[in-house]
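**Student:** Have a look at the structure that comes next, please.
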Amino acid sequence: FSSLYSQIELNITQICLAKECSEDEIVEELLRLNEDPKVHGIYLHLPPASLTSRVLNTLKPEKDIDGISDLNMGRLVRGDLSKVFVPPRASAVLDLLEKHEGKTILLVGGEGSFGLTLQCLIEKNGMVALKSNWNSKSLQRQVCLCLCVCNVVHSYSRWLQEQQYQPWHLRTLKLQPLMPVPSDIEISRAQKPKPVDQLAEQIGLLPEELEAYGRSKAKVQLSLLNRLHAQPDGKYVLVAGITPTPLGEGKSTVTIGLVQALSAHLKLNSFACLRQPSQGPTFGVKGGAAGGGYAQVIPMEEFNLHLTGDIHAITAANNLVAAAIDARILHESTQSDKALFSRLVPSVSGVRKFSPIQISRLRRLGINKTEPASLTPQEVHTFVRLDLDPSKITWQRVVDTNDRFLRKITVGQASTEKGLIRETGFDIAVASEIMAILALADSLEDMKNRLARMVVGTSRSGQPVTAEDLGVSGALAVLMKDAIKPTLMQTLEGTPVFVHAGPFANIAHGNSSVLADKLALKLVGRDGFVVTEAGFGADIGMEKFFNIKCRASGLRPNVVVLVATVRALKMHGGGPNVSAGTPLPKEYIDENVDLVAGGCYSNLRKQIQIAHLFGMPVVVALNVFRTDTQAEIDLVCQIAKECGASDAVPCYHWAQGGRGSIELAQAVNEAANTPSNFQFLYHLEMPIVEKIRVIAQKVYGAEDIELSPEAKAKIDYYNQQGYGSLPICMAKTHLSLSHMPDKKGAPTGFVLPIRDVRASIGAGFIYPLVGTMSTMPGLPTRPCFYDIDLDPVTEEITGLF
């Protein structure tokens with residue numbers, strides 16, 4: 001062991017009493033050593049009086065190389081030697097007695113827990129143990145120390161083994177579907193989720209990689225990516241959809257039903273990666289986003305309400321930027337250069353010193369100085385003056401509520417704001433660029449850099465002003481440091497789910513986070529599946545998934561699942577309008593194969609073709625409703641295959657759980673194992689106008705695009721600033737392939753109007769606004785909140801869906 005000893009000599013820690021220490025001090029030191037990854041063994045060289053139960057039980061069992069903790073002793077007495085250390089003295093005695101099986105052994109002395117442990121071990125080795133109460137000295141301390149080092153070797157070996165990929169031992173939860181199907185919240189409440197630490201252990205997560213938020217959800221540390229960096233990724237599946245009705249067609253439900261089928265029924269490792277829902281739709285029209293029926297994330301109340309506070313962190317960070325902007329304009333307008341410099345670089349104990357973020361600003365300005373006193377008056381002026389043009393501030397405040405009256409507001413009306421009144425507005429929180437950054441960042445460092453690059457407005461001289469110029473980007477990273485970790489939850493059948501980020505697809509890129517997908521792809525193993533969802537129709541969420549998210553992540557999907565419903569196909573085939581909150585017309589309830597066929601040959605075929613533009617195989621998942629007839633179901637599956645789908649299957653997960661999506665899971669498994677030829681739709685080096693035109697013509701079916709004078713001016717400005725090579729994130733209605741919400745099916749021959757073009761430099765994309773797109777939804781006449789209530793006695797929530 002000599003060479004191994006030399007490698008681990010710093011990994012054993014002996015706690016001795018150099019002075020009189022209290023129990024609290026010993027416990028505090030033990031807690032520190034427990035969490036030190038460089039320490040693999042702890043030996044307590046303490047007087048018996050200090051070895052209290054509290055001290056012994058504070059010691060982490062996997063580092064208890066002396067085998068003296070209560071848990072270690074208990075496992076030894078029970079005969080479970082797989083995760084414990086045999087006390088060195090006992091180990092030495094057993095080594096001496098190993099050739100004496102069947103003999104009677106007289107134990108002289110050895111009182112207390114050590115004697116009991118030794119007696120149990122002797123008896124479990126086939127010998128008879130008799131005891132005498134005469135006391136003797138312990139074995140030589142050198143022998144004990146040698147055996148302690150052996151235990152350190154074993155501890156280090158166990159630690160190395162734990163760092164490797166661990167096969168799953170997933171215990172799924174049984175479902176007993178009822179007919180008629182109860183409400184979503186009743187189903188969710190009837191199924192008791194596994195404790196999240198048990199779920200984490202079953203899928204190979206280490207205890208130190210988990211940060212529990214209550215019993216049923218937890219943040220997962222990004223260090224997992226370093227631990228499993230050499231582990232091959234699993235299969236990557238994207239769930240998209242045809243152009244939906246205002247009611248939604250169940251992509252989240254299909255996603256959850258698919259992973260329940262893969263893991264609980266086909267016994268294949270699988271992970272769902274979903275977006276966190278905004279409280280706007282939850283209390284507005286659409287409701288929550290936890291799935292539905294017997295294909296849900298549970299507990300659905302926790303999923304839909306607050307979760308682990310990520311959206312609140314985004315709101316706080318976003319509004320800190322907004323406050324910093326207005327405060328800076330105020331202070332620059334009321335102070336001289338000298339006064340500004342004095343306050344921005346204050347004298348502390350007679351010394352002025354730039355902060356790191358200020359030094360970064362100086363370097364960007366071309367001022368390579370670090371001593372405040374060395375700046376010339378002109379350099380001081382350049383440094384302290386952002387000179388933001390109030391009419392060109394692009395940053396708005398956010399709130400996670402549908403509040404139409406905040407779309408346009410006036411700020412600065414108090415007398416203390418010195419008449420600096422300006423018009424601005426609020427966006428919904430998930431429309432914040434910070435949400436897009438959270439979804440696209442691949443590390444904490446990457447997120448911090450992206451936050452610093454965010455452009456909040458333009459100076460009067462036409463230069464972009466960033467969050468780093470404001471000095472706020474470091475604080476933003478602090479506010480977002482926990483939000484960057486994905487949240488682990490589970491489905492109704494106990495399969496794992498990552499919930500992370502929640503950008504809308506019509507006004508942002510509409511996908512869950514890169515980090516959630518990357519963590520899940522490592523955890524499922526080479527033969528497992530990660531199923532992630534893109535918002536709204538394939539023309540919006542899927543196009544942005546490929547052209548934006550896949551560029552940022554470097555990941556390449558294996559197959560697209562395209563969700564369709566008979567209801568939406570009838571609408572695209574010429575059926576009457578569908579409106580939220582009003583009963584469906586009879587055409588959607590009675591059988592009508594002509595409407596279904598019309599929708600299949602228009603919208604469904606076009607969405608399949610869009611996926612083929614990226615070289616992806618497509619499996620059509622028909623989300624079956626109770627009013628669908630067998631003739632309609634068969635017709636959809638037949639035409640979908642005619643239109644180029646690898647397969648098309650009906651799905652019954654809403655009523656049956658994973659069992660109702662087994663056919664879909666088998667089709668996905670087969671398609672994911674066939675070669676794909678993934679390609680991007682456009683090259684980043686193409687001019688901004690041409691990238692917009694490619695999307696409009698090839699994806700939407702437009703004849704051409706038409707740029708407003710404002711859009712043309714913005715594109716020229718972005719080209720001058722060096723932003724021309726960014727990908728495009730179209731802000732367009734989700735209710736039609738075109739810019740006209742009432743044009744269903746697959747419209748052609750239209751000209752796509754580009755009203756304005758904006759840039760999210762931190763997120764890393766240019767976003768053209770097509771027609772009139774609002775970034776702040778409003779509440780309907782009868783919002784969902786009318787039905788949501790709380791029982792003050794049981795604290796049970798009702799009315800969520």
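**Student:** So, of the residues in the stretch 752-783 that are hydrophobic (A, V, I, L, M, F, W, C) and outside any loop (DSSP other than H, G, I, E, B), which turns out to be farthest from the chain's Cα centre (by Cα)?
**Tutor:** Of the residues in the stretch 752-783, the ones hydrophobic (A, V, I, L, M, F, W, C) are 752, 754, 757, 759, 761, 763, 765-766, 769-770, 773, 776, 779.
Right, trim to outside any loop (DSSP other than H, G, I, E, B) and you get 752, 754, 757, 759, 765-766, 769-770.
Details: Leu752: 34, Ile754: 32, Val757: 29, Ala759: 24, Phe765: 20, Ile766: 23, Leu769: 27, Val770: 29 Å.
Going through the qualifying residues, I end up with Leu752.
**Student:** Looking at Thr424, Thr394, can you tell me which residue is under 21 Å from His509 (Cβ atoms), polar (S, T, N, Q) and in the same structural domain as Arg364 (by the TED database)? Steps first, please.
**Tutor:** Values: Thr424 fails: under 21 Å from His509 (Cβ atoms).
Thr394 is the lone residue from the list that is under 21 Å from His509 (Cβ atoms), polar (S, T, N, Q) and in the same structural domain as Arg364 (by the TED database).
**Student:** Can you find a residue that is crowded, with 23+ Cβ neighbours inside 10 Å and under 20 Å from the mean Cα position of the chain (by Cα) anywhere in the stretch 260-269?
**Tutor:** Filtering the stretch 260-269 down to residues crowded, with 23+ Cβ neighbours inside 10 Å leaves 260-264, 269.
Going one step further and asking which of them are under 20 Å from the mean Cα position of the chain (by Cα), we end up with 260, 269.
Yes; the residues of the stretch 260-269 include at least one that is crowded, with 23+ Cβ neighbours inside 10 Å and under 20 Å from the mean Cα position of the chain (by Cα).
**Student:** Can I ask one more? Would you check which residues across the stretch 451-470 are out of contact with any Ser or Thr (no Cβ under 9 Å at 6 or more places or on another chain) and open to solvent by 30 Å² or more (accessible area, probe 1.4 Å) and list them?
**Tutor:** Listed by number, the residues that qualify are Arg460, Ser461, Gln463.
**Student:** Identify all residues within the stretch 445-478 that are within 25 Å of the chain's Cα centre (by Cα) and basic (Lys, Arg); write none if there are none.
**Tutor:** Lys448, Arg450, Arg453
**Student:** On to the next question. Residues to consider are Tyr723, Tyr717; find the one that is in contact with a strand residue (DSSP E or B) (Cβ under 8 Å, 6 or more places away or on another chain) and surrounded by 14 or more Cβ atoms within 10 Å (Cβ to Cβ).
**Tutor:** On the way: Tyr717 fails: in contact with a strand residue (DSSP E or B) (Cβ under 8 Å, 6 or more places away or on another chain).
The match here is Tyr723.
**Student:** Which residue pairs have Cβ atoms closer than 7 Å, lie 6 or more positions apart in sequence or on different chains, and pair a first residue in the stretch 293-304 that is at positive phi and surrounded by 24 or more Cβ atoms within 10 Å (Cβ to Cβ) with a second residue that is aliphatic (A, V, I, L, M) and modelled with pLDDT under 90?
**Tutor:** From the stretch 293-304, no pairs qualify.
**Student:** Restricting to the stretch 388-400, count the residues that are among the polar types (S, T, N, Q) and crowded, with 18+ Cβ neighbours inside 10 Å.
**Tutor:** Filtering the stretch 388-400 for residues among the polar types (S, T, N, Q) gives 391, 394, 396.
Imposing the further condition that a residue be crowded, with 18+ Cβ neighbours inside 10 Å reduces the set to 396.
Going through the stretch 388-400 one residue at a time, the tally reaches 1.
**Student:** Could you list, in sequence order, all residues of the stretch 299-324 that are outside any loop (DSSP other than H, G, I, E, B) and at pLDDT below 95? Walk me through how you get there before you give the answer.
**Tutor:** As a first pass, look at the stretch 299-324 and keep what is outside any loop (DSSP other than H, G, I, E, B): 300-304, 310-324.
Matches in the stretch 299-324: Met300, Glu301, Glu302, Phe303, Asn304.
**Student:** May I pose another question? May I ask you to list the residues in the stretch 523-576 that are charged (D, E, K, R) and in contact with a Phe, Trp or Tyr (Cβ under 8 Å, 6 or more places away or on another chain)?
**Tutor:** Just the residues of the stretch 523-576 that are charged (D, E, K, R), to begin with: 526-527, 533, 539, 543-544, 549, 551, 556, 567, 570.
Matches in the stretch 523-576: Asp539, Arg551, Arg556, Arg567, Lys570.
Yes or no, residue by residue, for (1) farther than 24 Å from Arg275 by Cβ; (2) in contact with a helix residue (DSSP H, G or I) (Cβ under 8 Å, 6 or more places away or on another chain); (3) open to solvent by 20 Å² or more (accessible area, probe 1.4 Å):
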position: Lys586; (1), (2), (3): yes, no, yes
position: Gly598; (1), (2), (3): yes, yes, yes
position: Ser602; (1), (2), (3): yes, yes, yes
position: Glu632; (1), (2), (3): yes, yes, no
position: Gln638; (1), (2), (3): yes, no, yes
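**Student:** As an exercise: evaluate Ala240 against (1) open to solvent by less than 10 Å² (accessible area, probe 1.4 Å); (2) touching a Pro at 6+ places or on another chain (Cβ under 7 Å) and give the number of the one condition it does not meet.
**Tutor:** (2)
**Student:** Mind listing whichever residues of the stretch 63-82 are in contact (Cβ under 8 Å) with a residue 24 or more places away in the chain and either within 13 Å of Ile122 (Cβ to Cβ) or open to solvent by 10 Å² or more (accessible area, probe 1.4 Å) (or both)?
**Tutor:** Here is the first cut: in the stretch 63-82, the residues in contact (Cβ under 8 Å) with a residue 24 or more places away in the chain are 63, 65-68, 73, 76-77, 79.
Residues satisfying the conditions are Lys63, Asp66, Ile68, Met73, Leu76, Val77, Gly79.
**Student:** Follow-up. When you go through (1) buried (at least 20 other Cβ atoms within 10 Å of the Cβ); (2) over 15 Å from Ala431 (Cα atoms) one by one for Ala317, which number turns out not to apply?
**Tutor:** Here Ala317 meets the rest and fails (2).
**Student:** Another question about this same structure. Please go through the stretch 674-686 and give me each residue that is out of contact with any Leu (no Cβ under 9 Å at 6 or more places or on another chain) and either part of a helix (DSSP H, G or I) or open to solvent by 80 Å² or more (accessible area, probe 1.4 Å) (or both), ordered by number.
**Tutor:** Result: Pro675, Asn677, His683, Glu685.
**Student:** What are the pairs with Cβ atoms under 6 angstrom where one residue, in the stretch 19-43, is in the same structural domain as Pro88 (by the TED database) and the other, located anywhere, is assigned to a helix (DSSP H, G or I) and modelled with pLDDT under 85? Sequence gap at least six, or different chains.
**Tutor:** As it stands, the answer is His40/Val152; His40/Ser155; His40/Tyr156; His40/Trp159; Gly41/Val152; Gly41/Ser155; Tyr43/Cys148, since those pairs meet every condition given.
**Student:** If you check every pair at least six apart or on different chains, which have Cβ atoms under 9 Å apart with a residue in the stretch 700-719 that is assigned to a helix (DSSP H, G or I) first and a residue that is open to solvent by 50 Å² or more (accessible area, probe 1.4 Å) second?
**Tutor:** Glu710/Arg755; Ala711/Arg755; Lys714/Arg758; Ile715/Pro687; Asn719/Pro687
**Student:** Would you be able to say whether some residue in the stretch 616-623 is among the small types (Gly, Ala, Ser) and either closer than 21 Å to Gln666 by Cβ or open to solvent by less than 60 Å² (accessible area, probe 1.4 Å) (or both)?
**Tutor:** In the first step, residues of the stretch 616-623 are kept if they are among the small types (Gly, Ala, Ser); the result is 621.
Subset that is either closer than 21 Å to Gln666 by Cβ or open to solvent by less than 60 Å² (accessible area, probe 1.4 Å) (or both): 621.
There is at least one residue in the stretch 616-623 that is among the small types (Gly, Ala, Ser) and either closer than 21 Å to Gln666 by Cβ or open to solvent by less than 60 Å² (accessible area, probe 1.4 Å) (or both).
The values are calculated or read from the model by the stated rules, or taken from the named source; none is laboratory data. None of these values were measured; they are calculated from a predicted model. Positions of Cβ are generated from backbone atoms using ideal geometry, with glycine treated the same way; all protein chains shown enter the neighbour counts. When the accessible area is computed, the model is the full protein with side chains, heavy atoms only, and any ligands, DNA or RNA have been set aside. Shrake-Rupley method; radii C 1.70, N 1.55, O 1.52, S 1.80 Å.
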